[in-house]
1. Mind listing just one residue for me: the one in segment 94-109 that is open to solvent by less than 10 Å² (accessible area, probe 1.4 Å) and assigned to a strand (DSSP E or B) and, of those, nearest to the ligand (Cβ to nearest atom)?
2. Can you list residue pairs whose Cβ atoms sit under 7 Å apart, with the first residue in segment 224-235 being under 17 Å from Thr269 (Cα atoms) and the second being charged (D, E, K, R)? Count only pairs 6 or more apart in sequence or on different chains.
3. Go through (1) within 12 Å of the ligand (Cβ to nearest atom); (2) open to solvent by less than 10 Å² (accessible area, probe 1.4 Å); (3) modelled with pLDDT under 90 for Gly8 and report which single condition fails.
4. I want to confirm something. Restricting to segment 342-382 and keeping residues that are under 30 Å from Gly46 (Cβ atoms) and surrounded by 14 or more Cβ atoms within 10 Å (Cβ to Cβ), which single residue is farthest from the chain's Cα centre (by Cα)?
5. Might you let me know whether segment 408-428 holds any residue that is over 26 Å from the mean Cα position of the chain (by Cα), among the polar types (S, T, N, Q) and either crowded, with 22+ Cβ neighbours inside 10 Å or in a helix (DSSP H, G or I) (or both)?
6. When the residues of segment 272-306 are narrowed to those that are charged (D, E, K, R) and assigned to a loop (DSSP other than H, G, I, E, B), which ends up surrounded by the most Cβ atoms within 10 Å (Cβ to Cβ)?
7. Filter the helices (runs of 4 or more DSSP H) completely within segment 110-179 down to those with at least 3 residues that are over 30 Å from the mean Cα position of the chain (by Cα).
8. Looking for something modelled with pLDDT under 95, within 11 Å of the ligand (Cβ to nearest atom), part of a loop (DSSP other than H, G, I, E, B) and polar (S, T, N, Q) - is there at least one such residue anywhere in segment 62-69?
Amino acid sequence: MGAVVVVGTHWGDEAKGKFVDLIGQDADVVIRYGGGPNAGHTVIVGENTYKFHLIPSGILNPKTLCIMADGMVIDPATLVKEMESLTERGISLDNLRISQNAHVILPYHAKLDKLEEIAKGGAALGTTGRGVGPCYVDKAARLGIRMGDLVNLTRLREKLKAVLPHKNALLTKIYDSEPFDQETLLAELTPLAEKLAPYVTDTQALAGEAQTSGKRILFEGAQATLLDIDGGTYPYVTSSHPISGGATIGTGIPPTAIGQVLGVVKAYTTRVGAGTFPTELLDEKGDRIRERGHEYGTTTGRPRRCGWLDTVALRYSVRVNGLTGICVGHLDVLAGFDKVQICVAYRKNGVRLTEFPAGDVSLLDGCEPEYEILPGWQDVDITNITRFEDLPVNARAYVHRVAEIAGVPAVLVSIGPRRDQTLVPPGIPAPRHLFHVASGVPVVPANVV
Ligand code: IMP
């Protein structure tokens with residue numbers, strides 16, 4: 001049984017949560033492998049809307065084991081709040097497991113995140129301010145406090161005693177800010193640790209056992225390819241590995257266990273935070289996409305920058321993630337444009353770039369997008385269509401063209417946030433069969449789509 005990984009193809013906010021929820025209905029285990037409360041996944045089931053920052057969307061399925069794995073950074077206060085809001089709504093947390101190796105975001109991380117951004121001035125990254133970067137810094141510097149430490153109060157006290165002087169020196173001497181008091185921090189953390197303790201365990205062992213016993217495993221990516229710390233548009237990236245490779249680094253499951261890698265791509269492209277965005281639309285077309293697509297951050301409420309679909313970046317994403325299929329989302333948002341544009345290359349100083357310059361992203365600065373222009377489809381409500389074949393012909397042609405450029409099939413198409421607003425193109429197996437497709441093989445040959 002091949003595990004399935006779901007990743008975002010561009011700069012995040014591709015609505016991965018919806019696809020993870022859908023595919024996850026047939027998964028035995030859903031594992032979130034990286035990132036922290038910087039993520040925001042919205043899942044709509046019937047009349048209910050659920051917003052997740054930390055807990056895998058798979059928690060909505062009572063049969064699915066949900067793992068928050070080693071690669072994550074966890075803010076205990078946010079997690080407890082998220083858990084409480086789920087239990088208030090009758091969602092059981094019995095299947096939730098938290099890695100003892102996941103790192104804890106402490107209040108000083110969030111404070112440093114904000115102070116560092118202010119200090120950077122015009123070069124600020126536009127982080128979510130949740131302390132994610134500083135927490136991963138501590139992980140790499142071997143100064144981190146992990147979930148296993150948090151739930152052992154003697155160990156937590158020892159660790160804080162060792163690390164807090166460093167953090168306070170940074171806060172007071174570099175940033176001229178207030179220090180944290182160890183006892184106050186411990187008093188804040190103790191009730192949170194008590195609530196989380198029953199869920200903290202060796203998730204590597206659990207995941208490994210699930211894999212060797214042939215369970216259907218779904219990896220839930222957070223953030224997205226171009227935000228990857230190594231493969232993304234550095235320095236305008238997050239501090240983890242959202243690409244498919246992160247699924248194995250962040251969980252202990254080997255790469256050979258992965259069967260399918262699905263990339264969630266919006267029918268257009270968005271970005272939050274700073275950094276070059278070649279297809280950004282700074283006109284009323286961009287505003288229109290933002291309003292129709294409700295392109296405001298789930299985590300921060302920030303308006304997202306919107307633009308035409310960048311397939312140079314998409315092809316890079318196919319390569320670096322080893323995508324075997326794409327899930328095309330937000331197709332309904334593009335309805336009503338006379339023409340729709342797909343960026344197929346960049347031009348800079350008279351030179352045509354057809355490959356994403358991941359090795360030197362400064363080459364993106366000042367790039368002009370080269371567009372292929374396709375006919376749009378009428379401003380009709382396509383959100384209630386139930387068969388791919390019933391979409392307007394130009395909408396289908398758009399999906400076909402995107403898949404053709406990507407070189408992998410479109411396996412799912414989303415026309416709205418609800419589960420039932422998802423179409424399966426002809427020739428593609430239903431999501432539940434994705435776990436049975438042979439390892440690393442596209443779900444169907446691209447030309448069938
Ligand atoms: P951080 O992850 O909060 O450190 O932010 C670093 C960069 O990644 C900023 O540009 C954020 O806007 C971006 N980012 C982080 N998480 C997400 C996400 O879930 N969606 C979109 N952008 C994100």
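The values are calculated or read from the model by the stated rules, or taken from the named source; none is laboratory data. This one's a predicted model, so the numbers in the text were calculated from it and none came from an experiment. Using ideal geometry, Cβ is built from the backbone for each residue, glycine included, and neighbour counts are taken over all protein chains shown. SASA here: full protein model, heavy atoms, side chains in, ligands and nucleic acids out. Shrake-Rupley method; radii C 1.70, N 1.55, O 1.52, S 1.80 Å.
1. Residues of segment 94-109 open to solvent by less than 10 Å² (accessible area, probe 1.4 Å): 96, 98-99, 102, 104-106, 108-109.
Now restrict to residues that are assigned to a strand (DSSP E or B): 96, 98-99, 104.
On the way: Leu96: 21, Ile98: 20, Ser99: 19, Val104: 16 Å.
Only one residue tops the list, namely Val104.
2. Ala224/Glu14
3. Here Gly8 meets the rest and fails (3).
4. Step one: of segment 342-382, the residues under 30 Å from Gly46 (Cβ atoms) are 377-382.
Checking the rest, the ones that are also surrounded by 14 or more Cβ atoms within 10 Å (Cβ to Cβ) come to 377, 382.
Values: Trp377: 29, Ile382: 26 Å.
Once the filter is applied, the top-ranked residue is Trp377.
5. Looking only at segment 408-428, we keep the residues that are over 26 Å from the mean Cα position of the chain (by Cα), and these are 426-427.
Narrowing the set further to residues that are among the polar types (S, T, N, Q) leaves none.
Taking every residue of segment 408-428 in turn, none turns out to be over 26 Å from the mean Cα position of the chain (by Cα), among the polar types (S, T, N, Q) and either crowded, with 22+ Cβ neighbours inside 10 Å or in a helix (DSSP H, G or I) (or both).
6. If we filter segment 272-306 for residues that are charged (D, E, K, R), which is where we start, we get 280, 283-285, 287-288, 290-292, 295, 302, 304-305.
Now narrow it down to the ones that are assigned to a loop (DSSP other than H, G, I, E, B): 283, 295, 302, 304.
On the way: Asp283: 8, Glu295: 22, Arg302: 13, Arg304: 20.
It comes out as Glu295.
7. Details: elements: 132-140, 147-150, 153-169.
Once the helices (runs of 4 or more DSSP H) in segment 110-179 are filtered for at least 3 residues that are over 30 Å from the mean Cα position of the chain (by Cα), what remains is 153-169.
8. No; the residues of segment 62-69 include none that is modelled with pLDDT under 95, within 11 Å of the ligand (Cβ to nearest atom), part of a loop (DSSP other than H, G, I, E, B) and polar (S, T, N, Q).
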